[in-house]
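J.: Have a look at this one.
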Amino acid sequence: MESHEKENKFRSAIDNAAFEMTSDVSSAKETAGPRRLKDLDDLFPYIGDFGWYQRILFILMIPFGFFFAFVYFSQIFMTIVPEQHWCRVPELSNLTVEERKHLSIPLLEDNKYDRCHVYDVDWQKILEKGVTEPDRSWPIKKCQEQWEFNFTDVPYETIATQLGWVCDKDNYPATAQSVFFCGAIVGGLLFGWIADKYGRIPALVGTNMTGFFAGVGTAFSNSFWSFCLCRFLVGLAYDNCFVIMYIVVVEYVGPKWRTFVANMSIAVYFTFAACLLPWIALAVADWKIYTLITSVPLVLSIFTPCVVPESARWLISQGRFDEAIKILKKFERVNGKKIPEGVLKEFKETASEIARSEQEVKNYSVLDLFRTPRMRRNSILLLFIWMSIAMAFDGHVRNVGSLGLDIFLTFTVATATEFPADVLLILTMDIVGRRWLAFGSMVISGIFSLLATTVPLGIPSASLAIVGRFSVNISFNIGMQYAAELLPTVVRAQGLALIHMTGYIATILVPYIVYMATIATEIPLLILGTIAIAGGCLCMCLPESTGKNMPQTLQDGEDYGRGQKFWDMPCFNRKAKRGNADLS
């Protein structure tokens, strides 16, 4: 967690997983007879939309937001390598650093010392002769598994410096990060199954405890393969360590508060925790202690069942109506509300209908998304769009070390853009629309990424790249919400899972894209910019969903967006409707 995550990473997708509970049923209307409860949301007027209990749950999201950021980003600061390193020559240990480098390390054409080669001579004889100047004709050989590092830019040992992951092994950090995302794929399937079979809370505890044990194990890794194993297991926790809690809380908040709770939990909790990470690494100046500090807090999740209620919707789907009612009564009590007995009795009667409807959804498979032409086209577009968003987002997260500035400060500033991006998204999405905002933010991200390759490294390139990161943050938060609004109810959950999974698969490639900066610093941003622009253009091929009812059946999904014009934009449509109304 980043995409996968800042999908994994997972923000608006889960907002809509909860949002679908309200959008798939028409609002109940008052009739001459008693009000008919259609859904769990119809009880919010009686238990409170955002009372004290919901506020407590919103605050309880804080540790899980921190866990999400720690799991997603912590590996960056375990494996970074100082810019300057050179071969270690034990025989020259009595000389100063500058004397050792000058005598033993070949100079390159740019007057920088070679990071991976050393002169191949008998250093004992060289010292005995009192030689202090190197002979450029001396033979050269590769470093023999020993390096020295200039810890000015990264002022502490990392596992990469301790184990020598440089030169021929400089791809090891990228490989370990890809292994992490492989773990995320397995974790998504495993804990998704646990959440459906045994409940949201057991899955939430399980995913965080896995992250805890594997994170602690990471601190004791002493080889590349043991590190990869631990990071694979930590990957199991990404991004369910937060997303499951996210679902539960958003589910218990009234519809009018869901946008606030869903987006602000990411904008504040996740962003603040991510911004803390580089400074924790600098403060402790020891990668093992840093790893423990970012892993041990996950053990707090063991207390989750004591303070967080199980999902009432899941309990109802399992036929455990009395347990769901007991939880709802707790909301009623803490919020100082009262559910009339008649309403409660009616809800008990309709709960079985809700459970039966949820069971009917299981008769459909994700293959149904690809059976009809328009829905097949939209589904394929959504897959490629989310892959491009996930890759662009995660790429910008990991490329901060190639921008020519202090990686700790640059990472903090770039990550902090998450907050204004979320706020801007809340203010503009319903005005501009999903399609145009997704297109615009992706294309702007791509353009600024490409522009960053045309200016000198340092503040110019970093500033442009950070604008690109800001824009892709917006795209990331739109992505899953847009998908949830286009997919039919009967296959929505499976469709979102498929899209989410393709994002994980795509981000496996991202560490290698960022690794290409070792060839030329411009390559990652060139690739990320191209991917972002291509993904943004694909968004324009989708129908607009702002202000539209979400499709329920497969036929609804096939017909969705028919008659829409390419240049349609919600704000202009509303103005046109008001103008027609005034004329009439």
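Every number in this text was worked out from the coordinates using simple rules, so none of it is lab data. Please read these numbers as outputs of a predicted model, since none were measured by experiment. We place every Cβ from the backbone using ideal geometry, glycine too, and count neighbours over all the protein chains shown.
J.: Grab the eigenvalues of the alpha-carbon gyration tensor for the range 366-571, scale each by 5, take roots, and send me the semi-axes largest first in whole angstrom.
T.: Rounded to whole Å, the semi-axes are 32, 17, 13.
J.: Turning to a different aspect of this structure: For the range 198-241, take N as its residue count and report Rg(C-alpha) divided by 2.2 N^0.38 Å.
T.: The range 198-241 yields a ratio of 1.22.
J.: Right, here's the next one. Report, by chain and number, residues whose modeled amide H sits under 5 Å from the one on residue 140, excluding near sequence neighbours (fewer than 5 apart, same chain).
T.: Placed amide hydrogens put 120 under 5 Å from residue 140.
J.: Let me ask something else about it. Please list 3J(HN,Hα) in residue order for the range 215-227, calculated via the Karplus relation 6.51 cos²θ - 1.76 cosθ + 1.60 where θ = phi - 60°; whole Hz, with x for glycine and proline.
T.: x, 5, x, 4, 5, 9, 5, 10, 7, 4, 6, 5, 5
J.: Ordered by packing density, taken as the mean number of other Cβ atoms within 10 Å over each peptide's residues, highest first, how do 458-471, 479-492 rank?
T.: Per-residue mean Cβ counts within 10 Å order the peptides as 479-492, 458-471.
J.: Sticking with this one: How large is the convex hull of the C-alpha atoms of the range 294-393 per residue, in Å³?
T.: Considering the Cα atoms of the range 294-393, their hull volume per residue is 205 Å³.
J.: Another question, if that's okay. What order do you get for 96-107, 73-84 when each peptide is scored by the mean count of other beta carbon atoms within 10 Å, highest first?
T.: 73-84, 96-107
J.: In whole angstrom, how long is each semi-axis of the equivalent ellipsoid of the range 175-301, when you take the square root of 5 times every eigenvalue of its Cα gyration tensor and sort them from largest down?
T.: Equivalent ellipsoid of the range 175-301: 27, 19, 11 Å, largest first.
J.: Let me ask you something else. Can you give me the distance in nm between label points at residue 356 and residue 257, each placed 7 Å from the Cα along the Cα-to-Cβ direction?
T.: 3.3
J.: Return the sequence-ordered ³J(HN,Hα) values of the range 184-196 in whole Hz as given by the Karplus equation 6.51 cos²θ - 1.76 cosθ + 1.60 applied to θ = phi - 60°, using x for Gly and Pro.
T.: 5, 5, 5, x, x, 5, 5, 6, x, 5, 4, 4, 6
J.: Turning to a different aspect of this structure: Past 29 Å, Cα to Cα: identify those pairs from 329/548; 337/548; 330/548; 256/345; 256/326; 197/329, in the order given.
T.: Pairs exceeding the cut-off: 329/548; 337/548; 330/548.
J.: Using the Kirkwood radius over C-alpha pairs as Rh, can you work out the diffusion coefficient of the range 512-568 via Stokes-Einstein at 10 °C, viscosity 1.306 mPa s, in µm² per second?
T.: 110
J.: Return the inverse of the average 1/r over all pairs of distinct C-alpha atoms in the chain, which is the Kirkwood hydrodynamic radius, in Å to one decimal.
T.: Hydrodynamic radius (Kirkwood, Cα only) of the chain equals 25.7 Å.
J.: Students often check this: by mean Cβ neighbours within 10 Å, which of 56-69, 125-138 ranks highest, and how do the rest follow?
T.: Those peptides, ordered most packed to least, come out 56-69, 125-138.
J.: What does the convex hull of the Cα atoms come to per residue for the range 306-358, in Å³?
T.: 73
J.: Quote the relative contact order of the range 366-571 in percent (integer), defining contacts as alpha-carbon pairs under 8 Å separated by 6+ residues.
T.: 38
J.: Give, in whole angstrom and from largest to smallest, the semi-axes √(5λ) of the equivalent ellipsoid of the range 85-149, with λ running over the eigenvalues of the Cα gyration tensor.
T.: In descending order the semi-axes read 16, 13, 12 Å.
J.: Sticking with this one: Would you compute, from DSSP H runs of 4+ residues alone, the mean residue ellipticity of the chain at 222 nm, taking -39500 (n - 2.57) per run and dividing by the full residue count, rounded to the nearest 500?
T.: -20000 deg cm²/dmol
J.: Mind jotting down the distance between the C-alpha centroids of the range 418-443 and the range 453-492, whole Å?
T.: Using only Cα atoms, the two centres lie 10 Å from each other.
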